[in-house]
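To start, the structure itself, in structure tokens.
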Amino acid sequence: MKILAIDTAVGISVALHDGHSVIAEATRTEHGVQGELTTVMISELLVQAGWTAADLTDVVVGVGPGPYTGLRVGIVTATVFGHARGIPVHGICSLDAVGHDAGGECIVVTDARRKELYWARYDGGRIDGPHVMVPAELKALHPQMKFVGPAAQMYSDVINGEIVSLRAAALAELFAAGTAHLVDVSPMYLRIPDAVAGTVRKKVGP
Amino acid sequence: MSEPLILGIETSCDETGIGIVRGTTLLADTVASSVDEHARFGGVVPEVASRAHLEAMVPTIERACQTAGITLDDVDAFAVTAGPGLAGALLVGVSAAKSLALALNKPLYGVNHLAAHVCVDQLEHGLLDQPSVAMLVSGGHSSLLLVPDITGEVQPLGQTIDDAAGEAFDKIARVLGLPFPGGPYIDLAARDGDPNAIDFPRGLTSPKDMEKHRFDVSFSGLKTAVARWVEREERSGNSIMVNDVAASFQEAVVDVLLRKAIDACLTNEVGTLVIGGGVAANSRLRAVAEERCAEHKIRLRIPSAKLCTDNGAMVAALGSELVRRGRDASRLDFGSDSSMQVTEVVA
Ligand SMILES: [Zn+2]
């Protein structure tokens, strides 16, 4: 088994896993460079591992939730790669990666923009979520819970948790262990698209 | 040795286009459109378009390969629209193309959408004449270009200073109660109308405007004039002759576009005019272009209607020309560029 794992729900995280352990991984936390760098990072990992694209047997991808534009980069990269190589592509909720790394009972939070958080509750596996909510509402719902994740200190006056980054390697581990909760390979948007009749014209360029 | 096989991806607006060409021979031109999802908004909603591109990508690639009778392994190089266009929509296509290039270890060309609109004509009418003048008219662009070399040297001569030509059609269609997108409906209504019934204004054609905006166009004044005319008639209790208004409006657009395009050819001493973009499917534009080009002994090249609109074939056509001319492929870390300048042909 040679797994390629990709997640672009927060920044960019990619990993290679041979079915037993993580062979190589790379994570960048900034958002907005997924289009430029995701493929380049995968290419570098393959070189590092001494693998070629043709060696891979499975693609695992985080399907969010996450800011849409960046999230779609990882998903389309994964589905097209799987199609081109004729290998299966498996979807996993991105927050599960953090839940796995944090362990125990916790709530994973990531930035949902618009002053909201994506969150899901874990105890062994995911037992609630993912949802999208304003921090105060989430805190009121779970006042005693431990919060973890990339956005655990983003609203530190309300929620002050422990920063745990989102690693695609954790998705690969879940998949290799057979404990992943697999879902459709399509984005978990959680919101309907903003669209106001007649305000957006078909227009491109300057 | 057979010519190189190129697969092109286009996602700059609401069409997911996959085109496959061998040399200048078109093998597949597969398009999945989300236009119906946008129709109720009267325009393209970027987030809706991006979602649709993601869903359509793999099935559209699959259909195109089936149509062409090839497998992805056979492809020699990939090409993708890097810009200009809707940022989120472009990103889906660019990411898909990069993934193909990585998975199959093949070169990738990130190309300019406008240059691709010009180059697609090579699939039907042979290699482009160097230089050519190109006029691109669609819902997203109205550009007049001088094209010494489509693989590296494209110069902007003029563009719209307000609405794109296709946008004007959409807006007037709405005024006249015709559906979105307006172009085909106006064209149809105009066939039974008198193009000289109403003398609508021709923007940027006065001597004063010509000094500053010789090759630019403007449609907002025309749009306002049509809307006011319709309002005035309605206030007077007259029923609106939709066919006459459509024909007269269309005539004004076509007249201005071609005056500018012919002037650009004559001024630059260029003997070939290429017209592309969705509005190039307009029957009146095609007819008047033929008349006036013949009059000035200019060779007119317009791709068939299907290749005028946004599609993957045009991207593949430009990719193929870049390969034929031995141009360098793009580096894998290029970004999509929503405001990519036409002078930049390859990212
Ligand atoms: Zn276009």
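The values are calculated or read from the model by the stated rules, or taken from the named source; none is laboratory data. Note that this is a predicted model, so its numbers are computed, not measured. Virtual Cβ from ideal backbone geometry, glycine too; neighbours counted across all protein chains shown.
Can you work out which of the residues in segment B:72-90 that are among the small types (Gly, Ala, Ser) and surrounded by 24 or more Cβ atoms within 10 Å (Cβ to Cβ) is farthest from the other protein chains (Cβ to nearest Cβ)?
B:79
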Expected output for segment A:84-101 (first residue closer than 13 Å to residue A:13 by Cβ, partner surrounded by 24 or more Cβ atoms within 10 Å (Cβ to Cβ) and among the acidic types (Asp, Glu), Cβ below 9 Å, 6+ apart or cross-chain) is A:92/A:7; A:94/A:7; A:97/A:7
Residues being free of Cβ contacts under 8 Å to residues at least 60 places away in the same chain and part of a loop (DSSP other than H, G, I, E, B) - total across segment A:122-156: 14
Six or more apart or on different chains, Cβ under 7 Å: which pairs go from a residue in segment B:131-143 that's more than 8 Å from chain A (Cβ to nearest Cβ) to one that's part of a loop (DSSP other than H, G, I, E, B) and more than 11 Å from the ligand (Cβ to nearest atom)? Could you list them? B:131/B:270; B:132/B:270; B:133/B:268; B:133/B:270; B:143/B:342
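Applying the selection to segment B:145-160, what residues are under 16 Å from residue B:253 (Cβ atoms) and within 15 Å of the ligand (Cβ to nearest atom)?
Here is the first cut: in segment B:145-160, the residues under 16 Å from residue B:253 (Cβ atoms) are B:158-160.
Within segment B:145-160, B:159, B:160 meet the criteria.
Rundown of residues vs (1) part of a helix (DSSP H, G or I); (2) touching a strand residue (DSSP E or B) at 6+ places or on another chain (Cβ under 9 Å); (3) surrounded by 15 or more Cβ atoms within 10 Å (Cβ to Cβ), yes/no style:
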| position | (1), (2), (3) |
| --- | --- |
| A:41 | yes, yes, yes |
| A:61 | no, yes, yes |
| A:77 | yes, yes, yes |
| A:82 | yes, yes, yes |
| A:90 | no, yes, yes |
| A:110 | no, yes, yes |
| A:115 | no, no, no |
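Within segment B:190-203, does at least one residue satisfy the condition of being in contact with a Pro (Cβ under 6 Å, 6 or more places away or on another chain) and more than 30 Å from residue B:345 (Cβ to Cβ)? Outline the logic, then answer.
Pass one, segment B:190-203, residues in contact with a Pro (Cβ under 6 Å, 6 or more places away or on another chain): none.
No: segment B:190-203 contains no residue that is in contact with a Pro (Cβ under 6 Å, 6 or more places away or on another chain) and more than 30 Å from residue B:345 (Cβ to Cβ).
Just wondering, is there one or more residues in segment B:128-144 that are more than 16 Å from the ligand (Cβ to nearest atom), assigned to a strand (DSSP E or B), within 17 Å of the chain's Cα centre (by Cα) and not aromatic (Phe, Trp, Tyr)?
Quick first cut of segment B:128-144, residues more than 16 Å from the ligand (Cβ to nearest atom) only: B:128-133.
Still in the list and also assigned to a strand (DSSP E or B): B:132-133.
Applying the additional criterion that residues be within 17 Å of the chain's Cα centre (by Cα) yields B:132-133.
Keeping just the survivors that are not aromatic (Phe, Trp, Tyr) gives B:132-133.
Yes: one or more hits.
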Mind checking which residues of segment B:102-117 are among the aliphatic types (A, V, I, L, M) and farther than 26 Å from residue B:149 by Cα? B:102, B:103, B:104
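Is there a residue in segment B:319-327 that is touching a helix residue (DSSP H, G or I) at 6+ places or on another chain (Cβ under 7 Å) and at pLDDT 95 or above?
Here is the first cut: in segment B:319-327, the ones touching a helix residue (DSSP H, G or I) at 6+ places or on another chain (Cβ under 7 Å) are B:321.
Restricting the remaining residues to those that are at pLDDT 95 or above gives B:321.
Yes; the residues of segment B:319-327 include at least one that is touching a helix residue (DSSP H, G or I) at 6+ places or on another chain (Cβ under 7 Å) and at pLDDT 95 or above.
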Restricting to segment B:263-288, and then to whatever is under 19 Å from residue B:251 (Cβ atoms) and free of Cβ contacts under 8 Å to residues at least 60 places away in the same chain, can you tell me which residue is nearest to the ligand (Cβ to nearest atom)? B:286
How many residues does segment A:104-131 contain that are in contact with a Gly (Cβ under 9 Å, 6 or more places away or on another chain) and more than 10 Å from residue A:151 (Cβ to Cβ)? 12
Is at least one residue of segment B:201-208 out of contact with any strand residue (DSSP E or B) (no Cβ under 6 Å at 6 or more places or on another chain), free of Cβ contacts under 8 Å to residues at least 12 places away in the same chain and in a loop (DSSP other than H, G, I, E, B)? yes
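Going residue by residue through segment B:254-274, is there one that turns out to be more than 24 Å from residue B:155 (Cβ to Cβ) and more than 21 Å from the chain's Cα centre (by Cα)?
Narrowing segment B:254-274 to residues more than 24 Å from residue B:155 (Cβ to Cβ): B:254-255.
Narrowing further to those that are more than 21 Å from the chain's Cα centre (by Cα): none.
Scanning segment B:254-274, I find no residue that is more than 24 Å from residue B:155 (Cβ to Cβ) and more than 21 Å from the chain's Cα centre (by Cα), so the answer is no.
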When you scan segment B:102-117, do you find a residue that is of a type in the set (Ser, Thr, Tyr) and either away from the ligand (no atom under 16 Å from the Cβ) or at pLDDT below 95 (or both), even just one? yes
Any idea which of A:36, A:105, A:25, A:30 is touching a helix residue (DSSP H, G or I) at 6+ places or on another chain (Cβ under 8 Å) and surrounded by fewer than 22 Cβ atoms within 10 Å (Cβ to Cβ)? A:25
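Residue under question is residue B:110, and the condition is that it be touching a Cys at 6+ places or on another chain (Cβ under 7 Å), of a type in the set (Gly, Ala, Ser) and more than 17 Å from residue B:29 (Cβ to Cβ); does it hold? Full working, then the answer.
On the way: touching a Cys at 6+ places or on another chain (Cβ under 7 Å): no; of a type in the set (Gly, Ala, Ser): yes; more than 17 Å from residue B:29 (Cβ to Cβ): yes.
Judged against the criteria, residue B:110 is not a match.
Count, please, the residues in segment B:323-347 that happen to be in a loop (DSSP other than H, G, I, E, B), more than 14 Å from chain A (Cβ to nearest Cβ) and of a type outside the set (A, V, I, L, M, F, W, C).
From segment B:323-347, those in a loop (DSSP other than H, G, I, E, B) are B:325-345, B:347; that's our starting set.
Right, trim to more than 14 Å from chain A (Cβ to nearest Cβ) and you get B:325-328, B:345.
Keeping just the survivors that are of a type outside the set (A, V, I, L, M, F, W, C) gives B:325-328.
Going through segment B:323-347 one residue at a time, the tally reaches 4.
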Residues being buried (at least 24 other Cβ atoms within 10 Å of the Cβ) and not in a helix (DSSP H, G or I) - total across segment B:94-125: 7
Residue ID - farthest from residue A:5 (Cα to Cα), chosen from residues in segment A:31-89 that are within 8 Å of chain B (Cβ to nearest Cβ) and charged (D, E, K, R): A:36
Quick check on this structure: which one of B:23, B:69, B:8, B:19 is at pLDDT 95 or above, away from every other protein chain (no Cβ under 12 Å) and farther than 22 Å from residue B:305 by Cα? B:69
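Matching residues to (1) touching a Phe, Trp or Tyr at 6+ places or on another chain (Cβ under 6 Å); (2) in a helix (DSSP H, G or I); (3) over 16 Å from residue B:112 (Cα atoms):
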residue: B:254; (1), (2), (3): no, yes, yes
residue: B:259; (1), (2), (3): no, yes, yes
residue: B:270; (1), (2), (3): no, no, yes
residue: B:286; (1), (2), (3): no, yes, yes
residue: B:316; (1), (2), (3): no, yes, no
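Can you tell which of B:48, B:35, B:21, B:58 is of a type in the set (A, V, I, L, M, F, W, C) and within 16 Å of the ligand (Cβ to nearest atom)? Write out each step before concluding.
Working: B:48 fails: within 16 Å of the ligand (Cβ to nearest atom); B:21 fails: within 16 Å of the ligand (Cβ to nearest atom); B:58 fails: within 16 Å of the ligand (Cβ to nearest atom).
The unique qualifying residue is B:35.
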Restricting to segment A:92-108, count the residues that are closer than 15 Å to residue A:165 by Cβ and either in contact with an Asp or Glu (Cβ under 7 Å, 6 or more places away or on another chain) or outside any helix (DSSP H, G or I) (or both). 6
Selection from segment B:37-93 of residues that are assigned to a loop (DSSP other than H, G, I, E, B), within 14 Å of residue B:5 (Cα to Cα) and either in contact with a Gly (Cβ under 9 Å, 6 or more places away or on another chain) or among the aliphatic types (A, V, I, L, M) (or both): B:70, B:75
